[in-house]
Amino acid sequence: VFNAKTAELLSHHQVEIQQEFPKEGWVEQDPKEILRSVHECVERTCEKLQQLNIDITNIKAIGVSNQRETTVVWDKTTGEPLYNAIVWLDLRTQSTVERLLKRIPGKNKAFFKFRTGLPLSTYFSAVKLRWLLDNVEEIRQAVYDRRAMFGTIDSWLIWCLTGGKNGGVHCTDVTNASRTMLFNIHSLEWDPELCEFFDIPMEILPKVRSSSEIYGLMVSFLSLFAQKSGALTGVPISGCLGDQSAALVGQMCFQDGQAKNTYGTGCFLLCNTGQKSVFSEHGLLTTIAYKLGRNKPVCYALEGSVAIAGAVVRWLRDNLGIVQTSQEVEKLAAEVGTSYGCYFVPAFSGLYAPYWEPSARGIICGLTQFTNKNHIAFAALEAVCFQTREILDAINKDCGIPLSQLQVDGGMTNNKVLMQLQSDILCIPVVKPSMPETTALGAAMAAGAAEGVGIWSLNPGDLTAVTCERFEPQINPEESEFRYARWKKAVLRSMDWETSEAPSNGKSE
């Protein structure tokens, strides 16, 4: 919960959601557990507000932010999910992708790029939905009986929170729709030809709305909670943004050329390209950044995704056992302040942007008898920074305007050694807001600014300047370029490791 005048965080609550791994490469979540976690977060946050003597009837709007691409199909008559949610990084659809590629001239993965901004990949919702229709009898039957509804997590939550089977609103916003591969990012409508190509019935798709408008009113979801407060019943749900777009809004990157990088398990760098969609020549995705109102223009972004960022620290802890906690990696790296010529390419599941090279595998090279675990820890942090630099270089080439600073958020930004390294390797300042909940802030801003709510101004002059920590480059650019060139050499060494002759190939890619 935020103060709409100052953007100050007043209260929050978090619940970890379980991931299920039924088979190698499969990743699922229970849609009902996701909904329960939202109920719990709402209740606990309101309790905390009451303890602070803040009247919860002051809550005027609710925003939703969600993992993009994660796919749910449910029954509109019972309100029950028909299968677990298939999570964005799930790989079960590899064979579906290969089958679909055979129907495209020259097996061109970029065939739909100018319509969707995306390459054909296991990542996006359409192939997950196709898999569900091919493999789950209950879903096929529900589609046949016209009982089925499809959505990403935002659609599922909004439908449930606005009444579910008793009149719930079935909608999504343009940012989430742009990650399905069924949406034309220029006409801003579901594309009949794409739906035909994936053989997906259009009547199961949600209605596409802007990222900031009143979708419906929150219904009372728990009689106990309603008796205690009744406060949130009837509050409009009026903001909806996919998580990376929400972080872009929360960082207030409203001008062309402003960019933010979110450091989580992976890294997601989005650069606002304004009202024109820029198509990358350098391996980036074109996506919708936001549309902040029904009659407001749509803005686009270029996006670069790195598969392994925070995951490399977890790997040092869980697989190599050279640290007991993630925080120790920062300490080890700080003790030496250099990798002493050691380079780490964490291509554990191939390389994502800008290479899209599934044959690559992780390597640590440049080792000598002098190398110890401190140098490897430093090289691991440096790898996150080099990967970000590669995406930033691609964005600079595509946009033609070099970035003058990088705005950052996400869990890993608490690591000061990493942030300083990032600035050194990019040769530009890195700016980190002191309030870490940037994604939630973006959803709150969209909700508060919606027509009919109007309690949050998005005019740059009215926005409260966020207090930030700045990291300035501290090494000379020549040294930075030398280290980056060595990193690129290491990346080449990591490529073409898996060949099609290898018996394991194809199993997990």
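Table for the structure above
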{"read-out": "Qualifying residue in segment 78-94 (condition: under 27 Å from Gly448 (Cα atoms) and either basic (Lys, Arg) or surrounded by fewer than 20 Cβ atoms within 10 Å (Cβ to Cβ) (or both))", "value": "no"}
{"read-out": "Filter result for Asp154 (closer than 23 Å to Lys60 by Cβ and part of a helix (DSSP H, G or I))", "value": "yes"}
{"read-out": "Scan of segment 368-405 for residues that are in a loop (DSSP other than H, G, I, E, B) and either open to solvent by 40 Å² or more (accessible area, probe 1.4 Å) or out of contact with any strand residue (DSSP E or B) (no Cβ under 7 Å at 6 or more places or on another chain) (or both), ordered by number", "value": "Thr368, Gln369, Phe370, Thr371, Asn372, Gly400, Ile401, Pro402, Ser404, Gln405"}
{"read-out": "Residue match in segment 384-392 (condition: more than 20 Å from Glu481 (Cα to Cα) and either of a type in the set (A, V, I, L, M) or out of contact with any Asp or Glu (no Cβ under 8 Å at 6 or more places or on another chain) (or both))", "value": "no"}
{"read-out": "Residues that are open to solvent by 90 Å² or more (accessible area, probe 1.4 Å), under 28 Å from the mean Cα position of the chain (by Cα) and either among the hydroxyl-bearing types (Ser, Thr, Tyr) or at pLDDT 90 or above (or both), drawn from segment 455-509", "value": "Thr467, Arg470, Leu492"}
{"read-out": "Those residues of segment 201-217 which are open to solvent by 10 Å² or more (accessible area, probe 1.4 Å) and in a loop (DSSP other than H, G, I, E, B), in sequence order", "value": "Pro201, Leu205"}
{"read-out": "Some residue of segment 412-432 being of a type in the set (Asp, Glu) and not in a helix (DSSP H, G or I)", "value": "no"}
{"read-out": "Unique match (being touching a helix residue (DSSP H, G or I) at 6+ places or on another chain (Cβ under 9 Å), outside any loop (DSSP other than H, G, I, E, B) and either among the basic types (Lys, Arg) or farther than 23 Å from Ala444 by Cβ (or both)) among Val42, Val38, Val64, Val73", "value": "Val73"}
{"read-out": "Residue within segment 30-40 that is open to solvent by less than 30 Å² (accessible area, probe 1.4 Å), charged (D, E, K, R), in contact (Cβ under 8 Å) with a residue 40 or more places away in the chain and within 25 Å of Leu89 (Cα to Cα) present", "value": "no"}
{"read-out": "Tabulated pairs, segment 83-107, first in the same structural domain as Lys128 (by the TED database), second part of a helix (DSSP H, G or I) and open to solvent by 50 Å² or more (accessible area, probe 1.4 Å), C-beta under 7 angstrom, 6+ apart or interchain", "value": "Leu101/Lys107"}
{"read-out": "All positions within segment 175-190 that are surrounded by fewer than 24 Cβ atoms within 10 Å (Cβ to Cβ) and over 20 Å from Arg146 (Cα atoms)", "value": "Asn184, Ile185, His186, Ser187, Leu188, Glu189"}
{"read-out": "Selection count where residues are outside any strand (DSSP E or B) and surrounded by 15 or more Cβ atoms within 10 Å (Cβ to Cβ), scope segment 337-355", "value": "11"}
{"read-out": "Failed item in (1) modelled with pLDDT under 90; (2) open to solvent by 40 Å² or more (accessible area, probe 1.4 Å), with Asn58 passing the rest", "value": "(1)"}
{"read-out": "Residue that is farthest from Gly239 (Cα to Cα) [pool: residues in segment 301-329 that are in contact with a Gly (Cβ under 7 Å, 6 or more places away or on another chain) and part of a strand (DSSP E or B)]", "value": "Val306"}
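The values are calculated or read from the model by the stated rules, or taken from the named source; none is laboratory data. These numbers were taken from a predicted model, which means no experiment stands behind them. Note that each Cβ is placed from the backbone with ideal geometry, even for glycine, and that neighbours are counted across all protein chains shown. The accessibility values were calculated without ligands, DNA or RNA, using every heavy atom of the protein model including side chains. Shrake-Rupley method; radii C 1.70, N 1.55, O 1.52, S 1.80 Å.
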